[in-house]
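Just so you know, all these numbers are worked out from the coordinates, no wet-lab data involved. Computed from a predicted structure; not experimentally measured. Ideal geometry is used to build each Cβ from the backbone, glycine not excepted, and the neighbour counts take in all protein chains shown.
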4 protein chains.
Amino acid sequence: MAPRTAPDPARRSERARSAVLAAAYELVSEVGFGRLTIEAIAARAGVGKQTIYRWWPSKGAVVFDAFLAANGRQDGDFSLPDSGDLGADLRIVLRLSADDLTDPTLDRTYRAINAEVLGDPAVQAEYRTRLLDPLLNVTRDRLRSAREAGQLAPDTDLDFAVELLYGPLYYRWLHQLGPVDHDFTDRLVDAVLRALNPPAAHGRSGA
Amino acid sequence: MAPRTAPDPARRSERARSAVLAAAYELVSEVGFGRLTIEAIAARAGVGKQTIYRWWPSKGAVVFDAFLAANGRQDGDFSLPDSGDLGADLRIVLRLSADDLTDPTLDRTYRAINAEVLGDPAVQAEYRTRLLDPLLNVTRDRLRSAREAGQLAPDTDLDFAVELLYGPLYYRWLHQLGPVDHDFTDRLVDAVLRALNPPAAHGRSGA
Amino acid sequence: MAPRTAPDPARRSERARSAVLAAAYELVSEVGFGRLTIEAIAARAGVGKQTIYRWWPSKGAVVFDAFLAANGRQDGDFSLPDSGDLGADLRIVLRLSADDLTDPTLDRTYRAINAEVLGDPAVQAEYRTRLLDPLLNVTRDRLRSAREAGQLAPDTDLDFAVELLYGPLYYRWLHQLGPVDHDFTDRLVDAVLRALNPPAAHGRSGA
Amino acid sequence: MAPRTAPDPARRSERARSAVLAAAYELVSEVGFGRLTIEAIAARAGVGKQTIYRWWPSKGAVVFDAFLAANGRQDGDFSLPDSGDLGADLRIVLRLSADDLTDPTLDRTYRAINAEVLGDPAVQAEYRTRLLDPLLNVTRDRLRSAREAGQLAPDTDLDFAVELLYGPLYYRWLHQLGPVDHDFTDRLVDAVLRALNPPAAHGRSGA
DNA sequence: CGATAAGCGAGACGGTACGTCAAGTCTTGTA
DNA sequence: TACAAGACTTGACGTACCGTCTCGCTTATCG
C-alpha cells in the first residue's frame, strides 16, 4: 500500500555508505556544517546524490552518523570506572570530556552538531538518544552506585547532579569563558560533590 | 585603506533600519533561523535587499541586532538587587532568566542566536560583549558584594561561581533535559551556595 | 580540456528546450529584446533558470534559436527558383524578403536580432552562418548559374552583386527610409541588373 | 500646475554637461554600449547621477549627444563637393564614409548607436534627423545638381539612388561581408552610376 | 541459470535564495 | 535652485544547492 517503496537494507552498498560518512566527516571539519552541502558530500564520496537521499533523511543525519562512525560511540560500549572513589572516577570522565572538547577537529565538529541541535528538534532527538543520553546515563549510574554505597545522601537527585556536573563544563566550552582544562574539571568535580553533600556530612568523601 | 567604500552612517535611514529589525524579529520567531531568508526580511520590511547587505554583514548579525533592539539590553542598565540576602537575590535573577528561556518566542530566538554563536566566532564575540558578559558581570558583582560582606569565603573564585550558576541552567534548557522552572532554579541556587560555602562552612570560611 | 564540465546533450529535455524557445519567441515580440529577461522566459516556459543557462550562452542565443526554430531555416532546405529568367527569379526572392521584413512580428524580432548582432561579435557570427549566409549563398548560386548561361558578364563579381541586391533593401528597412514593398524590390532588381550588365549588353534583360 | 518642475536650462552647468559627454564618449568606446552604465558615466564625469537624469531622457540620448559633440555634425555645416564630375564627387564622399566606418573607435560607437536605433523608435527618429538625413540630403542635392546638368535622366528617383549608394556600403560594414575600403566604394559608385545610366546611356540620357 | 528488479553513478530538471549590479528616485548638504 | 554625493526601492542578474526525476549499468536474488 505504501506508494513509496522503502529501500531494501540488504542490498545497501557498504562501499557507498562508508564513502559518504568519510566524505561528510572530512568536509564538516573542513568547511563547517553551515557551508557543507549534500552535493559536495556526494561528489567527494563518488556517489550519486540519490544514494544519500535514499538512506538519510537530512544533512544533519549524515553528519551525525559520520560523527558516530568516526568516534565509535554507536555501540554503547563505554562506561565509567568504579574504583570506589567517586571523586576520582568523576575526575577521570570529566577530564576525558574536556580533552575531547579541546581537540581542534572534535571542537569544530561538536560545535557544528550543537548548532544543528539548536535549530532542528529532530536532530536534537537523535543527539539525545545517540550521544548525550549514553554519557549522562553512565554518569548517573556511577552516582547511583555511590549513593547506594552511602557516599551520597539517599535522596540525592541524580538527574540534577548530572546537570550540575556537565552544565558548567559545557557552558565554559561553548561560550569560551575560560580554558577547558583538567584544573577546571577537577575543581568542578569538587564543587559538585560539595553541593551534593549535606552540611552535616562532615567526614566526607574528600576526607 | 578600506577597499570597499564604507556607507555613511549619517545618511542611514532610520525607517529602513527599524523596519528590518522588526521584520527579522517577527520572522525568526515565526519560521526559525534556519528557514529565515534575507529576501523575506527585505520583503516584510518593505526594504531593498541591498539595504540589508549595506548595513549588516550576515543574516546572523541582523537577527542579533533585532534581538537586542527588541530586548533592550544594549544600554547595560540592568543590575541585580542587593537585599543583603545573597540566596534570595540570586533566586530572583535565575527565575527571571528561566522565565525568558521559557517564553516561546524568546526560546526560539535564543536558540537561533546560540546556533549562530556556535558557527561564527564573530557573532560569538558580539554575543559575549552585548548579551552574555553584561549578565555575568552583574551576577559577579553581586557575588563580590556578598564576599565583601563575609557571606562567601574571601578566596571564592567569582568567575567560577558564575559558571556554576548559569551552566546547569543553560545546559538543561539547551538540551531539554527537564523543565526550566522556578523549582529548578531555586534548587540550583541552593546547590551552588552549598558548593561555595563548604559544609563546615563556619569553621572553613572563618579559617 | 574543457574546464567547465559540459552538459550531456543526450540527456537534454526536449520538453524544456521547446518550451524555452516558444516562450522566448512570444516574449521578444511582446516586449522587445531590450525588455526581455531570462527570468521571464524561464517563468513563461515553466522552466528553471539554470536550464536556460545550461544550454544557451546568452539571451541573444536563446532568441536566436527561437527565431530559427520558428522560421525553419535551420535545415538549409530553401533555394531560389531557376526559371531561366534571372530577373524574374530575383524579383520573387526579394519580394519574399520584403514580405518577411514587413510582417509586424518578424519585423520586431528581426530588429531585436540585428541589434544583438551589432553588439556582440559572437551573435553576429552565428547570425552569419545560420541565417544570412544561407540566403546570400542561394542568391549567389542563382547568379552564378545566370553567369554560366551567359546572361551575366563572365567576370561578374557575385559577392558584390549580392550586396548590391540586399544592401538597399536592408538599408531602407532598417532606417525606415520608405515602404518596403514589391514596387521597391522590383525596381531594385532592375537597377542591379542594369549595374551588372556591361554597357554593350544592348538587347537584353530589360527588353 | 505641473507637479514636476522642469529644469531651468539657463542654470545648467556647462562644466557638468561637457564632462558627461566626454565621459560617455570615452566609455562607450571602451566597454561598448551594452556594458555602459549611467553610474559609470556619472562617476567618470564627477557628476551626480541626478544631473544626468535631469538633462537626458535615456542612456541612448547621452551617448548620442556625446557622439554628435565629438564628431561635430550638429551644425549641418557639411556638404558635398561639386566638381562637375559626379562620379568623382561621389567617390570622395563614399571614401570618407568608409574611412569613418573603419576607424576602430567610430566603428564601435556607430554600432552602439545603430543597435539603439534598432531597439528604440525615439532614438531612431533622432538618429534620422540629426545624423542620417543630413548625409542623405547633401548626397541627394549633389545628385539633383547632376540631374539638372543632364548627367542623369530627368526622371531619376533621387531617393532611390541614394539608397542604392549607401545601402550596400552599410550592409557590408554591418554584417562584415568584406573589407570596407576605397576599392569597394569606388566599385560601388561605378555600379550605381551604371544602374542609373542604362547601357544605351547616350541615347537615353540625351533624350 | 538466465531474467529481472534493485541499488548505484551520473546528472538534468523545476525551484528558491543567494549576493551583486544597476536602474531611476529621493534626500541632504554646499555654493 | 542646480549641483555632488550617495542611500533608497526595485528588479534582474548569473550561481549554488535543494530534493526529485530519469537514465544506463552493475549486481545478486529468485523463478
Inter-centroid distance (Cα atoms) of segment D:88-114 relative to segment B:142-166, Å: 89
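Treating the beta-carbon of each Lys and Arg as +1 and of each Asp and Glu as -1, no other charges, what is the dipole magnitude of segment D:86-206 about its Cα centre, to the nearest 20 debye?
260
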GNM flexibility winner over chain D from D:Val31, D:Val123, D:Val20 (Cα, springs under 10 Å): D:Val31
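Inside 10 Å of the C-beta atoms of D:186-196, what's the mean count of C-beta atoms belonging to other chains? Working shown, then result.
Numbers: counts 0, 3, 5, 0, 1, 10, 6, 1, 8, 10, 3.
Partner-chain Cβ atoms within 10 Å, mean over residues of D:186-196: 4.
Where nothing but the Cβ of Lys and Arg (+1) and of Asp and Glu (-1) is charged, how large is the charge dipole of the protein assembly as shown around its Cα centre, in debye to the nearest 20?
Details: 100 positive and 116 negative charges, 67 e Å.
In debye, rounded to 20, the protein assembly as shown gives about 320.
What FRET efficiency comes out for the pair C:Arg15/C:Ala40, r = Cβ-Cβ distance, R0 = 22 Å, nearest 0.05? It would help to have the intermediate numbers written out before the result.
Details: r = 19 Å, r/R0 = 0.86.
FRET efficiency, C:Arg15 to C:Ala40: 0.70.
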Cβ neighbours within 10 Å from other chains - mean over A:9-18: 0
Between helix B:182-196 and chain B: long-axis angle, C-alpha atoms, 0 to 90°, nearest 10: 60
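Mind checking Rg over Rh on chain C, alpha carbons, Kirkwood formula for Rh?
Details: Rg = 20.3 Å, Rh = 19.1 Å.
In chain C, Rg relative to Rh is 1.06.
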Along each principal axis, Cα extent of the protein assembly as shown, largest first, Å: 142, 74, 42
Ordering of A:173-184, D:183-194, B:161-172 by packing [mean C-beta count within 10 Å, highest first]: B:161-172, D:183-194, A:173-184
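How large is the helix-only mean residue ellipticity at 222 nm for chain B, computed as the sum of -39500 (n - 2.57) over DSSP H runs with n ≥ 4, divided by its residue count, in deg cm²/dmol to the nearest 500?
-21500 deg cm²/dmol
Determine the dipole magnitude for chain A: charges of +1 sit on the beta-carbon of Lys and Arg, -1 on that of Asp and Glu, nothing else is charged, the reference point is the Cα centre, and the result goes in debye to the nearest 20.
Working: 25 positive and 29 negative charges, 160 e Å.
So the dipole magnitude of chain A works out to roughly 760 debye.
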Extreme residue, positive dipole direction of the protein assembly as shown, given options D:Ala22, A:Ser83, B:Ala23 (C-beta unit charges): B:Ala23
0 to 90° range, to nearest 10: angle between helix C:158-175 axis and chain C longest Cα axis: 60
Relative intensity, log₁₀ I(q)/I(0), of segment B:86-206 from a Debye sum that treats every alpha carbon as a point, q = 0.17, 0.22 Å⁻¹: -0.90, -1.31
Exam field: A:Pro7 pseudo-label spacings to other copies (7 Å along Cα-Cβ), nanometres: 2.7, 4.5, 6.5
Beta carbon of chain C nearest to the axis of the rotation taking C to A, residue and angstrom distance: C:Gln50, 5
Helix axis angle, C:104-119 relative to chain C longest principal axis, alpha carbon, degrees: 80
Cα-projected label distance for B:Ala153 with D:Ser58, points at 7 Å along beta-carbon direction, nm: 8.5
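On average, how many beta carbons from a partner chain sit within 10 Å of the beta carbon of a residue in B:118-126? All intermediate terms of the calculation are to be shown ahead of the outcome.
Numbers: counts 15, 11, 4, 2, 0, 0, 4, 1, 0.
Average per residue, whole number: 4.
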Relative contact order of segment C:99-193, defined on C-alpha pairs under 8 angstrom at six or more residues apart (%): 21
Pseudo-label separations to other copies for D:Asp99 - Cα-to-Cβ vector, 7 Å, nm: 4.5, 8.9, 9.0
Label point 7 Å beyond Cα along the C-beta direction, distances from C:Pro121 to other copies (nm, shortest first): 3.5, 4.8, 6.2
P(r), alpha carbons of segment C:12-71 - 10 Å bins starting at zero, rounded %: 26, 65, 9
